[in-house]
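For reference, the structure discussed in these notes is given below.
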Amino acid sequence: MNDFNGRVAVITGAASGIGMGLAEKAAGEGMKVVLADIEEQALAEVERHLKSNGATTLALRTDVSKIGDVEALARKALDTFGSVDLLCNNAGVTMRPRTRRIWECTVGDWQWILGVNLFGVVHGVRTFTPIMLDQGSVGHIVNTASVAGLVSAPLLGVYKASKHAVVSISETLFHELREANAKVGVSVLCPGYVATQIGGAARNRPAELTTGPDTSTPAERAFETAVDKAQQDTARDSLPPIAVAEEVFDAVRQGRFYIVTGATNFLPGIHARADDVRALRNPSPPQPRV
């Protein structure tokens with residue numbers, strides 16, 4: 001997919017972070033941009049910003065964990081613009097506290113994180129892929145996973161499970177589209193450290209999917225505080241979302257499947273895991289810890 005001008009992009013999680021970067025890039029390429037997010041106020045602000053710069057947009061509050069919301073998003077996009085050419089299944093959340101081990105995670109943790117990170121992609125793929133195939137034109141799907149979907153390490157187990165699943169879904173979709181000789185391509189985005197607000201994703205966590213009481217020890221709470229401070233101190237060293245968006249659009253142009261931002265830092269860990277699988281040996285210590 002080389003020509004973006006005048007075509008239609010649908011982007012979930014578009015009100016902040018990588019999603020907002022993708023929306024800005026799509027608008028800069030002359031695309032009509034459909035913005036989807038659960039945060040209405042932030043979504044409206046992004047839409048105003050893009051329109052002030054001349055973009056053609058449509059914003060719709062969407063809870064990607066709900067199939068009805070995603071289907072409504074597709075209908076509205078088609079009713080308004082007539083097609084969908086680029087789909088970015090990007091919405092994502094992570095959990096607090098990060099120190100909770102996988103056996104300590106609540107059912108609510110699993111339901112919330114898998115609902116957004118995994119089923120958000122599932123709903124997007126199931127809803128939009130048939131539409132894009134029926135159009136008969138060149139299109140592309142980008143599913144946002146994470147470097148955490150390519151390696152294994154302690155902690156954040158629910159998040160990592162969701163991202164490993166997105167990688168596998170995307171790989172499967174790639175093979176199936178190729179077998180079908182489809183004009184629709186697919187990429188999986190595995191970002192490393194990016195300056196986003198995902199650490200505060202709990203602001204949108206449904207009350208019924210409670211995280212349960214915080215049973216972390218003083219040492220674990222101190223670790224949480226240290227991680228928060230380190231993230232603030234190193235935010236300037238993280239990739240800005242627009243830089244990630246540039247990589248995504250380059251990959252779409254090239255038809256490249258794996259998009260790993262900050263790859264130099266993470267390839268040793270990715271290679272180590274692949275070597276462990278190849279040698280059928282126990283997992284090596286994470287390098288670096290993700």
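Name the residue farthest towards the positive end of the dipole of the chain from the options Leu155, Val244, Ala74, assuming +1 on Cβ of Lys and Arg, -1 on Cβ of Asp and Glu, about the Cα centre.
Farthest along the dipole direction, towards plus: Leu155.
Tabulate in residue order the Karplus-calculated ³J(HN,Hα) for region 29-34, using 6.51 cos²θ - 1.76 cosθ + 1.60 with θ = phi - 60°, rounded to whole Hz; enter x for Gly and Pro.
7, x, 7, 7, 10, 9
Could the peptides 273-281, 66-74 be put in order, highest first, of the mean number of other beta-carbon atoms found within 10 Å of their residues?
66-74, 273-281
Residue by residue through region 124-138, what is 3J(HN,Hα) from phi via Karplus (6.51 cos²θ - 1.76 cosθ + 1.60, θ = phi - 60°)? Round to whole Hz and write x for glycine and proline.
Once rounded to whole Hz, the list reads x, 5, 5, 7, 8, 4, x, 4, 5, 5, 5, 5, x, 10, 5.
Please report, in debye to the nearest 20, how large the charge dipole of region 1-119 is about its Cα centre when each Lys and Arg carries +1 at its beta carbon and each Asp and Glu carries -1 there.
The calculation lands at about 200 debye.
Among residues other than Ile169 whose Cβ falls under 14 Å from its Cβ, what is the net charge (Lys/Arg +1, Asp/Glu -1)?
0
By accessible area of protein heavy atoms, probe 1.4 Å, what ranking do Ile11, Ile38 get, highest first?
Numbers: Ile11 0, Ile38 50 Å².
Largest accessible area first, the residues go Ile38, Ile11.
Taking a spot 7 Å from the Cα of Asp3 along the direction of its beta carbon, which residues of region 109-135 have an amide N less than 20 Å from it?
132-135, by backbone N distance to the label point.
Amide H of Leu150 versus every other amide H placed in the peptide plane: which residues, excluding those fewer than 5 positions away on the same chain, fall under 5 Å?
Residues meeting the amide H criterion: none.
Could you pull out the pairs from Lys66/Lys163; Lys32/Lys76; Lys25/Lys51; Lys32/Lys163 whose alpha carbons sit more than 21 Å apart here?
Too far apart for the 21 Å limit: Lys32/Lys163.
Accessible surface of His140 in the full protein assembly, 1.4 angstrom probe, to the nearest 10 Å²?
The value for His140 is about 10 Å².
Given the protein chains as shown and a 1.4 Å probe, how many square angstrom of Leu35 are accessible, to the nearest 10?
Only protein atoms counted, so the area is about 0 Å².
At 7 Å along the Cα-to-beta-carbon direction for both Gln111 and Gln197, put a label point, then send me their distance in nm to one decimal.
2.6
Explain nothing, just compute: Karplus ³J(HN,Hα) = 6.51 cos²θ - 1.76 cosθ + 1.60, θ = phi - 60°, for every residue of region 80-91 in order, whole Hz, x for Gly and Pro.
Here the 3J(HN,Hα) series is 7, 10, x, 7, 9, 10, 10, 10, 10, 7, 10, 4 Hz.
Taking amide hydrogens as modeled 1.01 Å from N in the peptide plane, which residues meet the under 5 Å criterion relative to Gly185, leaving out close sequence neighbours?
When sequence neighbours closer than 5 places are left aside, the close amide H contacts are Gly139, His140, Ile141.
The values are calculated or read from the model by the stated rules, or taken from the named source; none is laboratory data. Note that the structure is predicted; figures quoted are calculated from it, not measured. Note that we place each Cβ from the backbone using ideal geometry, even for glycine, and neighbour counts take in every protein chain shown. Surface areas here come from the heavy atoms of the whole protein model, side chains and all, with no ligands, DNA or RNA. Shrake-Rupley method; radii C 1.70, N 1.55, O 1.52, S 1.80 Å.
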